[in-house]
1. Can you give me the Rg/Rh ratio for the chain, using Cα atoms for both radii and the Kirkwood formula for Rh?
2. So, with +1 on the Cβ of K and R and -1 on the Cβ of D and E, and no other charges, what is the size of the charge dipole of the chain about its Cα centre, to the nearest 20 debye?
3. Once you keep just the Cα pairs under 8 angstrom separated by 6 or more residues, what percentage relative contact order results for the chain?
4. As I understand it, the dipole of the chain uses +1 on the Cβ of Lys and Arg and -1 on the Cβ of Asp and Glu, about the Cα centre. Which of 14, 68, 30 lies farthest toward its positive end?
5. Working from Cα positions, state the angle (0 to 90°, nearest 10) between the long axis of helix 67-89 and the longest principal axis of the chain.
6. Work out from phi, with θ = phi - 60° and the Karplus expression 6.51 cos²θ - 1.76 cosθ + 1.60, the ³J(HN,Hα) of each residue of region 40-50, listed in order in whole Hz, and give x for Gly and Pro.
7. Once phi is turned into ³J(HN,Hα) by the Karplus curve 6.51 cos²θ - 1.76 cosθ + 1.60 with θ = phi - 60°, what whole-Hz value does each residue of region 29-34 show in order, with x for glycine and proline?
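Each value in this text was obtained by applying a stated rule to the coordinates, not by laboratory testing. Everything quoted here is computed from the prediction, not taken from an experiment. Cβ atoms come from the backbone with ideal geometry, glycine included; neighbour counts cover every protein chain shown.
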Amino acid sequence: MVAAIERRRDEIDAIDAELLSLLNRRAGIALEVGRKKRGAGLPLRDARREREILARMRALTRGPLGPAAIERLFCAILAESRRAARRTLRRKPAMRAAGRRACA
C-alpha cells in the first residue's frame, strides 16, 4: 500500500515538474508578445483575449477539475503573466487595456 502511494506521488512530482516547465515556457512567450505590443504602442493587456482563453479552457476541461476550477487556475496564470510583464517591461501608466476585465 505504501509503495503504491509513493509511486503515485512520484508521478505527481513528475507532472509538477512538467507543469512548471510549461508555465515558464508560456510566460516567456507571453513576454515576447508583450515586447512586440509595447513596440507597436499597444496596451499589454487584452481583456478580450483573456476572456477567449478562459472560455476555451472551461470548454476543454474533461477531468475532475470542473470549469470553475479551471477558470480560477487560468486567472492566476494570466495574473502572473501580467505581473511578470509589468516587472520586466516596466509598463508606462498611460498604457491601459481597453474593455471589460476577464480576471482581477
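1. 1.09
2. 1040 debye
3. Value for the chain: 37 percent.
4. Of the options given, the answer is 30.
5. 50 degrees
6. Working through the residues one at a time gives 8, x, 8, x, 5, 8, 10, 4, 4, 4, 4 Hz.
7. Result, ordered by residue: 5, 4, 5, 4, 4, x Hz.
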